[in-house]
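Notes for the one structure printed next.
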Amino acid sequence: MEDWKSTYRLLTHCKHFFHRRLSPNFHNSKPFCTSGSRNHCSQPSQLVKPYICNFQQEFQTFKHLPVSLVTNPWNRCRSQYRCFASQASIIQRRPDFSTISSEDLSYFKNILGERGVVQDEETLDAVNTDWMRKYKGTSKLMLQPRTAEEVSQILKYCNSRCLAVVPQGGNTGLVGGSVPAFDEVIVSISHMNKIISLDKVSGILVCEAGCILENLIAFLDNQGFVMPLDLGAKGSCQIGGNVSTNAGGLRLLRYGSLHGSVLGLEVVLANGTVLDMLGTLRKDNTGYDLKHLFIGSEGSLGIVTKVSILTPPKLSSVNVCFLACKDYASCLKLLLEAKRKLGEILSAFEFLDHGAMDLHYLLCYVEQVLKHLEGVRNPFPSSMHNFYVLIETTGSSESYDREKLDAFLLHSMENDLISDGVVAQDITQASSCWHIREGIPEALMKAGGVYKYDLSIPVEKMYDLVEEMGVRLGASAKVVAYGHLGDGNLHLNISTPQYDDNILSQIEPFVYEWTSKHKGSISAEHGLGLMKANKIHYTKSPETVQLMANIKKLLDPNGILNPYKVLPPSLFTES
């Protein structure tokens, strides 16, 4: 317990007694960002080459294509990497899409300059590969515009030439939505990274789409505001990509989704039209609110170039506690009590199961998470529990918030809702708690193969799926569950020593059928991308999907924007 001297323990044999060993500087210290500081890469502004050298043995689709496909010139651009994230239908490159010519390169260099046209093989290898290292395109060109006008010129030209385009931000997505399926032109918005304005009365921030989320969080913190969005990938992801995928994250319980926080957008359509919807008004009831079409459309309807977002004021009192529960029913009761007793100060309610915390699994999880992720310590070194809950409160009065939190914890222990727990007493301990939660995806990646599913399920049914999946797979795989219990978002992970088609066939389509049967969503916050484009019918009705396709055809009649993603490609096949 040396690393946790300044916490107070909620001891199971002392349910009626709290002993707070206060750190003298904690409540007088500068308010801190409690979500931790784990990034996907240590230098987010630089391109990082993913590790993919072992893929040749695991992905053999291209090498064993039927002769008829190999001889078809359009299929020479087929990605040689099979997607193990999902049993996606085999897609073929659309024959009406053009390929890059020397004339195209000359045009792009004329408007962007030599530095804005990237053909370097090493750089392209990185931007062709997604963060999960499961999807790999074959693009030979990345463009780096710096203004909306340059994006407009690019899209207008590509539309006239029928050149397919993939918008790309930080490339931290998990469903293959930000990398090419074939040889599409990559349009990176990373150089569009200026903060335009911040209204210090209303808290309305206007910025370009390439701003890295962590940079916005730091900027707002210095100005006395907070970003309503926080993600584990904040060191790499960009606000344009966040908006385009309607990212949820750790603060949705408190601040809601981006559909509520985003006030306005600037978007470039496929034909080059710059759509100025960059409003900064809280209330504007004039006609259709078109910005919502682009929030969550994954760049398939237009490229977001500027964002106007409402940021709440930074509050001075923050508490983080990490609690242990004996069963999932206790987690649900704890959530209900937290909503009732913590009320307006409740800002996060996360859960992990024993598989996510098991120190003897995931290649000795203690090494993978508690050692390799700097600053992480195990808050319960002497025991393991079935479930864990991370709760954060944010308010304006330290004494009031402490009183509410203490009353909540005491009531929860008296009613056997929690078995053990710790309350962070300083920024290091708070960050350590968040590191445990945010570090799970990285630990799973290091443990071997992982099949990831981002699901929205009624909370009372959520863990039923985890248990049924465990029975279904038996000893062949480890089922790990964590997520945002406060908003019904389950991150279901099936961890295996290596990818195995037999295991995948046991997972899919069962996971989608189960979710559909229980009125859930197959994508809570990650989007559909390439992984789930053909699975949308599990959540949306045929009429709804067809209307989406009609909107896509209206705004992008040539289908050049992020093709093969979001909606089933069959809807756009020419008869």
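The values are calculated or read from the model by the stated rules, or taken from the named source; none is laboratory data. Please read these numbers as outputs of a predicted model, since none were measured by experiment. All Cβ positions, glycine included, derive from the backbone under ideal geometry; neighbour counts span all protein chains shown. Heavy atoms of the whole protein, side chains included, go into the accessibility calculation; ligands, DNA and RNA do not. Shrake-Rupley method; radii C 1.70, N 1.55, O 1.52, S 1.80 Å.
For Lys140, the requirement of being open to solvent by 70 Å² or more (accessible area, probe 1.4 Å), assigned to a helix (DSSP H, G or I) and modelled with pLDDT of 85 or more is not met. Selection within region 212-224: residues that are in contact (Cβ under 8 Å) with a residue 60 or more places away in the chain and under 19 Å from Thr172 (Cα atoms). The member of this set that is most open to solvent (accessible area, probe 1.4 Å) is Glu214. Take the conditions in contact with a Leu (Cβ under 6 Å, 6 or more places away or on another chain) and open to solvent by 20 Å² or more (accessible area, probe 1.4 Å) and apply them to Met227. Does it pass? Criteria not met by Met227.
Name the residues in region 451-479 that are among the aliphatic types (A, V, I, L, M) and under 16 Å from the mean Cα position of the chain (by Cα), would you?
Quick first cut of region 451-479, residues among the aliphatic types (A, V, I, L, M) only: 455, 457, 459, 462, 465-466, 469, 471, 473, 475, 477, 479.
Scanning region 451-479 gives a single hit, Leu455.
Give region 326-343 a look and list any residue that's of a type in the set (Lys, Arg) and either without any contact (Cβ under 8 Å) to a residue 24 or more places away in the chain or not in a helix (DSSP H, G or I) (or both), or say none.
So the first thing to find is which residues in region 326-343 are of a type in the set (Lys, Arg), and the list is 326, 333, 339-341.
Matches in region 326-343: Lys326, Lys339, Arg340.
Kindly check whether there is at least one residue in region 483-504 that is of a type in the set (Ser, Thr, Tyr) and at pLDDT 95 or above. No, the conditions are met nowhere in region 483-504.
Starting from residues that are closer than 17 Å to Asp401 by Cβ and not in a strand (DSSP E or B), keep the ones in region 305-325 and report whichever is least open to solvent (accessible area, probe 1.4 Å). Taking the candidates together, the pick is Pro312.
Of the helices (runs of 4 or more DSSP H) lying entirely inside region 384-476, those containing at least 3 residues that are touching a Lys or Arg at 6+ places or on another chain (Cβ under 7 Å) and open to solvent by 40 Å² or more (accessible area, probe 1.4 Å) are 398-414.
Cβ-Cβ contacts under 9 Å between residues 6 or more apart (or on different chains), taken from a first residue in region 546-558 that is assigned to a loop (DSSP other than H, G, I, E, B) to a second residue that is open to solvent by 40 Å² or more (accessible area, probe 1.4 Å) and not small (Gly, Ala, Ser), are listed as Asp556/Asn271; Pro557/Asn271; Asn558/Asp96; Asn558/Asn271. Can you find, within region 242-254, the residue that is least open to solvent (accessible area, probe 1.4 Å) among those that are touching a strand residue (DSSP E or B) at 6+ places or on another chain (Cβ under 8 Å) and not in a loop (DSSP other than H, G, I, E, B)? Ranking the candidates gives Val243 first.
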